[in-house]
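One structure below.
Every read-out reported here was derived from the displayed coordinates using simple, explicitly stated rules and does not represent laboratory data. Being a predicted model, the structure only gives us computed values, none of them experimental. Here the Cβ positions follow ideal geometry from the backbone for every residue, glycine too, while neighbour counts run over all protein chains shown.
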Amino acid sequence: MMQTWRIILCISMVTAKSPNILLIIVDDLGYGDVGCFGNQTIRTPSIDKLSTQGVKLTHHLTSSALCTPSRSSLLTGRYPSRTGMVPTPPSRFGVILFLASSAGLPQSEITIAEQAKSKGYKTGLIGKWHLGWSESKYNDSVFHPLNHGFDYYYGHPLTNMQDWYDDGSSVFYSQNPMIHWQALASIIAIMLPMYFLYRKKYIGAVILSLILFLICFVWGYVFFAFHHVTLFNSLLYRNFDLVEQPINLETLSERYTKESIEFLENSQKENVPFLLVVSWSHVHTALITSKQFRGKSKHGRYGDAVEEMDYGTGQILSSLAKLGLADDTLVYFTSDNGAHLEERGLHGEVDGGVNTPFKGGKAQTSVDGGIRVPSIVRFPNQIKENIEISEPTTQMDMFTTISNLMGADIPKDRFIDGKDIMPLMKQKEKITPNPFLYHYCNNEIHAMRYRPPKGNQIWKLVFKEPNYMPGETKCAGLVCACKNAIVLDPPVFYEMTSDLGEQKPIPSDSSEKYRNLRDILMKELDDHVKSVGTINSQLTISKLLWNPLLQPCCNFPSCKCTDPKYS
């Protein structure tokens, strides 16, 4: 009898320490794009239902307002400055632009998937990766998901782009419609003086010839790389195998749903705990959906994509319940950054969402519209249903929270920024374990946040703000560039519990109270910067450039194939 009880106790302890983990990441979903976070016109019944079954995190923040750095932080629990997933001058591109480049999340980093594998979990990633591929040789796959702790991968390694759908839309050309004429003008500007110098037989003509050659080469390289961005980047992989090029976007969401459900079914049959990351291609452009959802929402292609993503999320959650796994699974739903406000379609239609009630959007790190995202955690029998937490939390916290749930050791050889927020979500604690948070725009901190130990006020100190167009909260061009941000002297405070839209700036030198508050924050900022040290950037110009020697291609030279599983 005693032996039987020991077996039962042992089984119960293993079950308690080995919950399943399901992470659902949406691309560019705005805070105000789903019903449970305030939207009244886009239909999101699956996400709304999920919010009633757990905790709604209303002050949940990303580490960056761009996808590559924010996703690196979610997986590692570390600010992107620590992992090198930020550019340093002269580079200013905060995301990986080409699959055939040398940039990526270093193998020395420890991801949540590696934490799970160390505890015997089956791990899978379905969907977007955007953290690098090969480093120095063709298909060396140094940065591949399977080399970062995942057992199974099915998805697109880069990011969905306008150019991937054959309707004439193009990120590059829509932002630079006169670029052909600019290139021609540059060449003519060199050729004319060169012609006269040649006639005079001046040595300067030789130098100008070299300059002309260099300009032509650069323009040719840029045109070739971006003109063929679909061919180079629209690739779908199953593990290490390239199975589709270019991707059929109309069926992609449906396939991701099927692959996710298949992973859950296999895990249930094998009776092993799992960590599954579902990383939707929606709602990043191109906004292409299946016929079932096309033209059905009140907000054009963007609304259609949100509703298809919600449907797929609902199908996965329903499968979890049918398999009897729901009660033992922590579900985390979030977005990689705020909605993109500047995004426009071929005919000028809005292709981005809303971040109401917050100011700004994607690529704007110093305002909450770029970094505060709709997030939900459901964990039956552990977290109460239908509650809200307005304390500041971050995506980095999920690394530590989930690691502790799985019984995995938190790495001691590096600085882990994420905190365990399970006591907060269980309402055993009332105040966030994150008193200070730092908001990076590339390699610079443009703002920081402070939650004092007493009271309920939350302060944000802003050092730089986006350079908006007059009367707008968006910038000229595709995104707000970090290098164009306006320096605030003195920095200003916003009280984020009463001024959600950041409309009432308070100069930090306006009174002794605010000077003292600023001193507290500046001391913490100095300590943080020292702890980061010198940034070893993975997003340098040389690493981000398209490298033809790293370019994958199926069925060379056509570079076309269709996934045989779904053909």
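The convex hull defined by the C-alpha atoms of the chain has an orientation-averaged projected area of 30.3 nm². Cβ crowding within 10 Å, taken as a proxy for footprinting-reagent exposure, orders Trp546, Trp164 from fewest neighbours to most as Trp546, Trp164. Taking the average, over residues, of other Cβ atoms within 10 Å as the packing measure, peptides 514-520, 51-57 rank 51-57, 514-520 from highest down. Near Asn266: Cβ cut-off under 12 Å, other residues only, Lys/Arg at +1 and Asp/Glu at -1. The net charge is -3. Sorting Ser390, Ser253 from the fewest to the most surrounding beta carbons within 10 angstrom yields Ser390, Ser253. Which lysines, if any, have their Cα less than 20 Å from the Cα of Lys412, not counting same-chain residues under 8 positions apart? Output for Lys412: Lys117, Lys119, Lys530.
For Lys384, give me every one of the aspartates and glutamates with a C-alpha distance below 15 angstrom, ignoring sequence neighbours fewer than eight places off in its own chain. Answer for Lys384, where 15 Å is the Cα cut-off: Asp327, Asp328, Glu429, listed by chain and number.
Other residues with beta-carbon under 12 Å from the beta-carbon of Ile416 carry, at +1 per Lys or Arg and -1 per Asp or Glu, a net charge of -1.
Helices meeting the span-like rule in the chain (full DSSP H runs, Cα extent of at least 24 Å along the helix axis, mean Kyte-Doolittle score of 1.0 or higher): 179-199, 204-227. Take each peptide in 282-293, 375-386, 76-87, count the other Cβ atoms within 10 Å of every residue, and average; sorted highest first, the result is 76-87, 282-293, 375-386.
Once the Cβ-Cβ distance of Asn139 and Glu512 is raised to the sixth power relative to R0 = 60 Å, the FRET efficiency obtained is 0.45.
Neighbour counts of other Cβ atoms within 10 Å put Cys554, Cys67 in the fewest-to-most order Cys554, Cys67. When the C-alpha to C-alpha distance is required to be over 18 Å, the pairs from Lys430/Lys460; Lys56/Lys430; Lys359/Lys523; Lys128/Lys543 that qualify are Lys430/Lys460; Lys359/Lys523; Lys128/Lys543.
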